[in-house]
Amino acid sequence: MSPSEQVDDVIERMRKECPPIFTGPSLTERSGGVFNWGTIQNRRSAGKTDPTKKIPDECFRYMGKRVLVVRDPFLDWAATTLSVSPISTSGSPPRPARKMAAA
């Protein structure tokens, strides 16, 4: 599977598994950790001063003070930002051996 197909697969799985609108704090769990709500909030805030980091306003709605994520616009935006890292295609690097404590 090519890197772009892997990204498409992640996006399509989320389209199938997530409801059309859901609470922002549940994003991390719903995405299986692909997206972190705290990072998304930081990016939303940074977008106010740096347009290159802007997440489109149509990705979010408000219910009182609660932020809701609108699935399809959010995933459309996410598809433009996701990429596959070299580690994810080749597996995790080996862990260094643990040093044994002297007795």
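Quick note: the coordinates plus some simple rules give every number you see, no bench work behind them. Note that the structure is a prediction, hence the values are computed from the model and not measured. So basically every Cβ, Gly included, is an ideal-geometry build from the backbone, and we count neighbours across all protein chains shown.
Subtracting the Cα-Cα distance of E5 and W77 from their residue separation scaled by 0.36 nm leaves 24.3 nm.
In straight-distance terms, cross-link reach from K48 covers every one of the aspartates and glutamates whose alpha-carbon lies under 17 Å from its own, apart from those fewer than eight places away in the same chain; here that gives D57, E58. Charged neighbours of T23, selected by a Cβ distance under 11 Å, balance to +2 (K, R count +1; D, E count -1). For the range 3-82, rounded, prolate or oblate, judged on the Cα gyration tensor with a ≥ b ≥ c (square roots of eigenvalues), a/c < 1.5 rounded, else prolate if a/b > b/c? Verdict is oblate for the range 3-82.
With a simple spin-label model that places each label point 7 Å from the Cα along the Cα-to-Cβ direction, the separation between K53 and F22 comes to 2.5 nm.
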